[in-house]
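In what follows, a single structure is set out as structure tokens and then discussed.
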Amino acid sequence: MPTITATAPGKIILFGEHAVVYGRSAIAAPVNQVQARAIVMAQPLAPAGEVQLQAPDIDLQARLDKLPETHPLVVAVRGVLAELGVVRPPACTIRITSTIPVAAGLGSGAAVSVAVIRAFATFLGHPLANERVSALAYEVEKLHHGTPSGIDNTVVTYALPVAFQRGQPVELLRLPAPFTVVIGDTGIQSPTAIAVGDLRRLWQAEPAHFESLFDAVAEIVQQARQAIENGAPERLGALVDANHGYLQQMGVSAPQLDRLVEAARLAGASGAKLSGGGRGGNMIALASPERAQSVADALREAGAVRTIITHVQAPV
Ligand code: PMV
């Protein structure tokens, strides 16, 4: 049996995080500079049905049946077995590695799930369509997030810029003019479930106020989508800034994020905002390709532990 490898990229949310949990649409893009990788190797000498999981980054080396049923990797692997109706897979080892920072809003959990689901299904002789890969990865996301919108598993599966709305088919964006994004990591690990849960409590206390913030974000998302699809990314900076203002009002920013956002703007970014769950993790800044490196340098000086320059573009 051949060895099978699958990879999945990291992701950023360009517009609409948090509001997307409440049914509004959001825009996300893959970050191909970082990725998760799963390799499935047959172990012909081991008894049939034995699946070994290896994830050296998190010091994991265990047999599937020895891990808790709620372990994210177990949910991913068992999801594939159930999907394909396989009870006793050929003995194999699944090795997982990732260069995506964890709990930083870059979609590391979703990327690991997608890589594992794809590689394992292909190893079993039944490569899965994107829609099924994303649906199985969504089941794993529920463990990480509680009430995930599904945007992370969607963008990571399709590995293309997407507009996403809960319960709607995914829409791939037309992107006539690529644009450059600088990502800055605060280095603060911030589980998405906490920011999402805190916002939910605020929304429960004052639903009308927060619904109006989500509507305002939805309006920004719509304008941003038009700018992207009409090949006018120069219009995005002001929309990025406005989106950050609403995220601050939702209580999901943090002083370190605001400091990086400010530093990016001072260094010539046309707009900057937090990206993902917030409270820590990453922010993004829009910059011309010529200015991107000086924006990245300014983010480092302002305390970013890592920067990535990425290009949002149509399939190449
Ligand atoms: O995984 P993160 O931190 O990029 O957050 C995902 C975006 C949220 O809107 C905050 C949550 C969700 O499920 O959509």
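The values are calculated or read from the model by the stated rules, or taken from the named source; none is laboratory data. If you're wondering where the values come from, they're calculated on a predicted model, not measured in any experiment. Here the Cβ positions follow ideal geometry from the backbone for every residue, glycine too, while neighbour counts run over all protein chains shown.
Among the residues in the stretch 113-125, are any part of a helix (DSSP H, G or I), within 15 Å of the ligand (Cβ to nearest atom), touching a residue at least 40 places away in the same chain (Cβ under 8 Å) and within 29 Å of D215 (Cβ to Cβ)? So far as the stretch 113-125 goes, no, none of its residues is part of a helix (DSSP H, G or I), within 15 Å of the ligand (Cβ to nearest atom), touching a residue at least 40 places away in the same chain (Cβ under 8 Å) and within 29 Å of D215 (Cβ to Cβ).
For the residues L14, L64, the requirement of being among the aliphatic types (A, V, I, L, M), at pLDDT 95 or above and more than 16 Å from the ligand (Cβ to nearest atom) singles out L64.
Only a single item in (1) surrounded by 15 or more Cβ atoms within 10 Å (Cβ to Cβ); (2) part of a helix (DSSP H, G or I) is not met by S190, and it is number (2).
For the stretch 126-162, the set of residues classified as touching a Leu at 6+ places or on another chain (Cβ under 8 Å) and within 16 Å of the ligand (Cβ to nearest atom) consists of Y158, P161, V162, listed by residue number.
When the stretch 126-150 is filtered for residues that are part of a loop (DSSP other than H, G, I, E, B) and surrounded by 22 or more Cβ atoms within 10 Å (Cβ to Cβ), the ones remaining, listed by number, are P148, S149, G150.
Matching residues to (1) more than 18 Å from T310 (Cα to Cα); (2) under 20 Å from the mean Cα position of the chain (by Cα); (3) in a helix (DSSP H, G or I):
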| site | (1), (2), (3) |
| --- | --- |
| L199 | yes, yes, yes |
| V221 | yes, yes, yes |
| L236 | no, no, yes |
| Q248 | yes, no, yes |
| L257 | yes, yes, yes |
| G268 | no, no, no |
| A272 | no, yes, no |
| G277 | yes, yes, no |
| P289 | no, no, no |
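Among the residues making up the stretch 300-316, those that are outside any loop (DSSP other than H, G, I, E, B) and either under 21 Å from the mean Cα position of the chain (by Cα) or of a type in the set (G, A, S) (or both) are R306, T307, I308, I309, T310, H311, V312. Kindly list the number of the only condition in (1) more than 16 Å from the ligand (Cβ to nearest atom); (2) at positive phi that fails for G187. All conditions pass for G187, except number (1).
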